[in-house]
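In what follows, a single structure is set out as structure tokens and then discussed.
The values are calculated or read from the model by the stated rules, or taken from the named source; none is laboratory data. Just so it is clear, the model here is predicted, and its values are computed rather than measured. Here the Cβ is made from the backbone with ideal geometry for all residues, glycine too, and neighbour counts use every protein chain on show.
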Amino acid sequence: MVSGGSGGHLTPAMALAGYLRAEDRCFMISTRRPVDQILSAEGGRLLEWETVGLQPFTPVGRWFSPFFVARQTQAAAQVRAIIKRIRPDVVVGFGGYLGAVGVVAAWSAGIPVVIHEQNVLPGRANRWIARLADTVAVSFPETAGTLPKGVAVEMTGNPIRLRAGALTAEQARIELGLDADRPVLLVMGGSQGSRAINQAVVGMWRGMTPRAREKVQLLHLAGTQGAAEVEPIYRQMGIQAKVLPFLHRMDCGLAAATLAISRAGATAIAEMAEMGVPSILIPYPHAGGHQRANARWMQESGGAIVIEEADLSPDRLQRETEQLLFNPDRLEKLRRLLRAQADGTAAQRLGALVRKTAKRKTK
């Protein structure tokens, strides 16, 4: 498996490894970005893991640096060398710049390839290399029509490692050190955190009445820099908040949550659908608009309210949050609509496709 650079790419890869490892040897190549380092410590129990120093390909101006070009060339050569050394039966790419390098290396070596696309709209890397794959696995039926003609597509869903019902809300809150009986507002800015969301949430809490604040507690995943900025502000305001840069136990975080404020990464929305967590989605406005398409799908499914970042303000966020958080009947309706979208079989379906593709090498 070749994946990295964000939790959204790595989480489905690790979910797939968790399914395959009962019968197969799994190997991961990832980058050395902070989220990869965090998850590799956990993933070492599931699969063999190596990291390479490949950097994002953009902005384009960095390619004018001979040092950058040399470093990228060396990292790409390392990916090829790893693949040559382990001689896999199949390579699975999960998108992004590293996924593209790994898929090209596998294809050039005659190794079968599966690409997994997590988003409604495929990323640039996966669109560019889709024709090199034996099959492109997609998470949404709508994605098939956006890929190049002639590409074999199979609908698998987006593998996640969470399962609804494994923890009650009370159990999850106790594990996180929260009040077991008080509703939880979960804030997630993606694996890197989001300054725009952090600022809007802090402003929202400043605008809430003391009575409204007392009704709810906050679990805020703010990113490394964001956590250092917002935690003292909450402490000064006397708000019951648990602030973390990143949460390993997302099963606890989502099981504990009554409502989420989140980016609209593909893995995040798959996890919220599986766990039945209604959300206010603030899609990341860049990177090709993938999160906008994901957020629209979630909104049309009935499980989310969408606020574009350009329209985000503390007042707007407070209004939408209070209208959901303090309306149990509306929240329960959204939960039912979300759970109807999740069947929990994506890892098995993707695993079956990977095993079928791997057999081509042995024929």
Starting from residues that are over 16 Å from residue 4 (Cβ atoms) and hydrophobic (A, V, I, L, M, F, W, C), keep the ones in region 105-124 and report whichever is surrounded by the most Cβ atoms within 10 Å (Cβ to Cβ). 114
What's the total number of residues in region 278-294 that are buried (at least 24 other Cβ atoms within 10 Å of the Cβ), at pLDDT below 95 and of a type in the set (A, V, I, L, M, F, W, C)? 0
From the list 29, 38, pick out the single residue that is closer than 14 Å to residue 91 by Cα and assigned by TED's automatic domain parsing to the domain that holds residue 349. 29
Give me the residue from region 170-184 that is in contact with a strand residue (DSSP E or B) (Cβ under 8 Å, 6 or more places away or on another chain) and surrounded by fewer than 23 Cβ atoms within 10 Å (Cβ to Cβ) and, out of that set, nearest to residue 246 (Cα to Cα). 176
Is it true that residue 218 is in the same structural domain as residue 104 (by TED's automatic domain parsing), touching a Phe, Trp or Tyr at 6+ places or on another chain (Cβ under 9 Å) and farther than 22 Å from residue 339 by Cβ? no
Test: residue in region 56-78 that is surrounded by fewer than 21 Cβ atoms within 10 Å (Cβ to Cβ), in contact (Cβ under 8 Å) with a residue 12 or more places away in the chain and outside any helix (DSSP H, G or I): yes
Take the residues in region 82-128 that are in a loop (DSSP other than H, G, I, E, B) and of a type in the set (Val, Ile, Thr), then tell me which one is modelled with the lowest pLDDT. 120
Of all residues being modelled with pLDDT under 85 and among the polar types (S, T, N, Q) in region 31-57, which is nearest to residue 69 (Cα to Cα)? Just the residue, please. 37
Scan region 74-88 for residues that are over 15 Å from residue 99 (Cα atoms) and under 26 Å from the mean Cα position of the chain (by Cα) and report the count. 1
Among (1) in the same structural domain as residue 124 (by TED's automatic domain parsing); (2) modelled with pLDDT under 95, there is one condition residue 76 misses while meeting the rest; what is its number? (2)
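So that you can scan it fast, the table gives a plain yes or no per residue for (1) surrounded by 15 or more Cβ atoms within 10 Å (Cβ to Cβ); (2) closer than 30 Å to residue 59 by Cβ; (3) over 17 Å from the mean Cα position of the chain (by Cα):
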position: 202; (1), (2), (3): yes, yes, yes
position: 218; (1), (2), (3): yes, no, yes
position: 235; (1), (2), (3): no, no, yes
position: 305; (1), (2), (3): yes, no, yes
When you check residue 69 against the structure, is it modelled with pLDDT of 95 or more, within 26 Å of residue 190 (Cα to Cα) and out of contact with any Gly (no Cβ under 6 Å at 6 or more places or on another chain), yes or no? no
Quick one: residue 99 ticks every box in (1) under 16 Å from the mean Cα position of the chain (by Cα); (2) under 18 Å from residue 10 (Cβ atoms); (3) without any contact (Cβ under 8 Å) to a residue 24 or more places away in the chain bar one, so which box is it? (3)
Among the helices (runs of 4 or more DSSP H) confined wholly to region 311-363, which include 1 or more residues that are touching a helix residue (DSSP H, G or I) at 6+ places or on another chain (Cβ under 6 Å), more than 18 Å from residue 277 (Cα to Cα) and at pLDDT 95 or above? 314-325, 346-362
Take residue 49 and decide whether it is in contact with a strand residue (DSSP E or B) (Cβ under 8 Å, 6 or more places away or on another chain), of a type in the set (Phe, Trp, Tyr), outside any helix (DSSP H, G or I) and free of Cβ contacts under 8 Å to residues at least 40 places away in the same chain. yes
